[in-house]
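In what follows, a structure is listed as structure tokens, so that the remarks can point back to it.
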Amino acid sequence: MVDFELAGNPAWAPALKTGELGVDGVPVTTFAFDITGHGFRDMGRTRQTAVFTNLLKASVTLTFAGTTPGVGGPVIDDVRIRSCLLVLCPPVS
């Protein structure tokens, strides 16, 4: 399980910032954040969570990729990775 804070670069259009989370090169989830009403002092970060399986692997490679056209895309912060059994995953705080 991975969770992270999501916001968007308020300096550039478009207002909707989009991206994708991948594990070992395979897309796991997409995400989006609307910067309307937010600026650099209050970016309005929200916590996002994605669950993926990693059967019998010692490690994986996570990738965050912006899919917003142009230069100002999503902003990712405070990435947390947790190992758990799917039915026993701890709640996200």
Practice task
Quote to one decimal, in nm, the extra length available between residue 64 and residue 78 on full extension: 0.36 nm per residue of separation minus the C-alpha distance between them.
Solution key: 3.8 nm
Exercise for the section: Taking the Cβ of residue 17 as the centre, find all other residues whose Cβ is under 14 Å away and add up their charges (Lys, Arg: +1; Asp, Glu: -1). Expected result: -3
Handout entry: Longest exposed-site-free window of the chain, the sites being trypsin sites (Lys or Arg not before Pro) in a DSSP loop that have at most 15 other C-beta atoms within 10 Å
Key = 1-40
Practice task
State the label only: which of (i) 6.9; (ii) 6.5; (iii) 5.0 corresponds to mean projected area of the Cα convex hull in nm² computed from the shown model?
Solution key: (ii)
Practice task
With θ set to phi - 60°, apply the Karplus curve 6.51 cos²θ - 1.76 cosθ + 1.60 along the range 21-36 and write out the HN-Hα couplings as whole Hz, x wherever there is a Gly or Pro.
Solution key: 9, x, 10, 6, x, 10, x, 10, 7, 10, 9, 8, 9, 9, 7, 3
Exercise for the section: For the range 40-56, just list the computed ³J(HN,Hα) in residue order, Karplus coefficients 6.51, -1.76 and 1.60, θ = phi - 60°, integers in Hz, with x standing in for Gly and Pro. Expected result: 5, 7, 9, 7, x, 3, 10, 8, 10, 9, 9, 10, 9, 9, 9, 5, 6
Practice task
In a Gaussian network model over the chain where Cα atoms closer than 10 Å are linked, find which of 30, 18, 46 has the largest mean-square fluctuation.
Solution key: 46
Completion exercise
Out of 11, 58, 32, a Gaussian network model of the chain with alpha-carbon springs under 10 Å gives the largest mean-square fluctuation to 58
Handout entry: Average Cα contact separation per residue, the chain, under 8 Å, 6 or more apart, as relative contact order %
Key = 44
Completion exercise
Each label sits 7 Å from Cα toward the beta-carbon; between residue 24 and residue 12 the label points are separated, in nm, by 3.2
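Computed from the coordinates by the stated procedures, all read-outs in this text should not be read as laboratory data. Owing to the predicted nature of the structure, the values given are computational and were not obtained by experimental measurement. Please note: Cβ atoms are built from the backbone with ideal geometry, for glycine as well, and neighbour counts cover all protein chains shown.
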